[in-house]
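Visitor: Dropping a structure here in structure tokens format, bear with me for questions.
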Amino acid sequence: MTDDLHAAVAAGVLPAQERFAELLGAIVEVARAIFHARGSSIFLYDEQTDELVFAAVANDEERSLIGMRIPASTGIAGWVLSSGTPLVIDDLEMDPRFARDVAESTGYVPKGLMAVPLLHDERALGVLQVLDRPSRSRFSLEEMELLGLFATQAAVALDLLASARRARAALDGQGTASVVARLAAALEGLDEDRQEPAHALLRDLERLFAP
């Protein structure tokens, strides 16, 4: 299982140059494969609206769910987000936190799940869920720890990508600043041995324009 984790991180998280949606899709696909689960999904937290947004699903037939929003306090995902605590539930019908109406609206009602928060610097970015085993075998604590490690790596990558997207959006189209934005975007594609000199140049530019 440790080798699977390393492969998951390499395949699904490390390529920071990939587009945001593709990264999210890779995360859920790898999570589902590792645990041989029925499905996997990611909710991202929208701080402005206090909602959880379906951002990625592992099954092609569920792509229509992407963009669907629910109140951030709703269901298992809401509980995991607010508590910052991973959760394993083998029988969702017996858990009062389970929002069956929300599950029904997605077209699939799981029997059991594992859910972990996507945390970066103690800030909750969202929730990663893995749904149902084909054999209905129970999720183990060891697997919960594995999913937590994977979620940590995923959260770091998501935070870096989100920061880059916000920076480019803020700078793009603002005269001289747009040049800096293009430089930052180009830097992402440089070979590793050329990135440090490029970073040094950007730091010099930052000092030059500092008030």
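Visitor: Anything in the range 66-100 that is part of a helix (DSSP H, G or I) and closer than 17 Å to Thr152 by Cα? List them, or say none.
Guide: The initial filter retains those residues of the range 66-100 that are part of a helix (DSSP H, G or I), namely 75-83, 92-94, 100.
Scanning the range 66-100 gives Ala77, Val80, Leu81, Ser82, Ser83.
Visitor: From the set of residues in the range 121-137 that are farther than 19 Å from Val30 by Cβ and surrounded by fewer than 17 Cβ atoms within 10 Å (Cβ to Cβ), which is modelled with the lowest pLDDT?
Guide: If we take residues in the range 121-137 being farther than 19 Å from Val30 by Cβ and surrounded by fewer than 17 Cβ atoms within 10 Å (Cβ to Cβ), then Arg136 is modelled with the lowest pLDDT.
Visitor: Among the residues of the range 82-94, how many are buried (at least 17 other Cβ atoms within 10 Å of the Cβ) and over 21 Å from Leu146 (Cα atoms)?
Guide: First, the residues of the range 82-94 that are buried (at least 17 other Cβ atoms within 10 Å of the Cβ): 86-89, 92.
If we keep only those that are over 21 Å from Leu146 (Cα atoms) too, we end up with 92.
Total meeting the criteria: 1.
Visitor: I'd like to check something: does the range 13-28 contain any residue that is modelled with pLDDT of 65 or more, touching a strand residue (DSSP E or B) at 6+ places or on another chain (Cβ under 6 Å), outside any helix (DSSP H, G or I) and open to solvent by 10 Å² or more (accessible area, probe 1.4 Å)?
Guide: No, because not a single residue in the range 13-28 is modelled with pLDDT of 65 or more, touching a strand residue (DSSP E or B) at 6+ places or on another chain (Cβ under 6 Å), outside any helix (DSSP H, G or I) and open to solvent by 10 Å² or more (accessible area, probe 1.4 Å).
Visitor: Taking the criterion of being modelled with pLDDT under 70 and either among the charged types (D, E, K, R) or closer than 25 Å to Ser82 by Cβ (or both), would at least one residue in the range 138-149 satisfy it?
Guide: Scanning the range 138-149 turns up at least one residue that is modelled with pLDDT under 70 and either among the charged types (D, E, K, R) or closer than 25 Å to Ser82 by Cβ (or both).
Visitor: Do you know which residues across the range 49-65 are assigned to a loop (DSSP other than H, G, I, E, B) and in contact (Cβ under 8 Å) with a residue 24 or more places away in the chain?
Guide: Within the range 49-65, Ala58 is the sole residue that qualifies.
Visitor: Where residues in the range 33-63 are open to solvent by 60 Å² or more (accessible area, probe 1.4 Å) and in contact with a strand residue (DSSP E or B) (Cβ under 8 Å, 6 or more places away or on another chain), which of them is nearest to Leu92 (Cα to Cα)?
Guide: Only one residue fits best here, namely Arg38.
Visitor: When the residues of the range 101-152 are narrowed to those that are of a type in the set (A, V, I, L, M, F, W, C) and either in a loop (DSSP other than H, G, I, E, B) or in contact with a Lys or Arg (Cβ under 6 Å, 6 or more places away or on another chain) (or both), which ends up farthest from Glu61 (Cα to Cα)?
Guide: Among them, the one singled out is Phe139.
Per-residue answers, yes or no, for (1) among the hydroxyl-bearing types (Ser, Thr, Tyr); (2) surrounded by fewer than 17 Cβ atoms within 10 Å (Cβ to Cβ); (3) touching a Pro at 6+ places or on another chain (Cβ under 7 Å):
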position: Leu65; (1), (2), (3): no, no, no
position: Val80; (1), (2), (3): no, no, yes
position: Arg97; (1), (2), (3): no, yes, no
position: Glu104; (1), (2), (3): no, yes, no
position: Lys111; (1), (2), (3): no, yes, no
position: Leu118; (1), (2), (3): no, no, no
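The values are calculated or read from the model by the stated rules, or taken from the named source; none is laboratory data. Keep in mind it's a predicted model, so treat the numbers as computed, not measured. All Cβ positions, glycine included, derive from the backbone under ideal geometry; neighbour counts span all protein chains shown. SASA here: full protein model, heavy atoms, side chains in, ligands and nucleic acids out. Shrake-Rupley method; radii C 1.70, N 1.55, O 1.52, S 1.80 Å.
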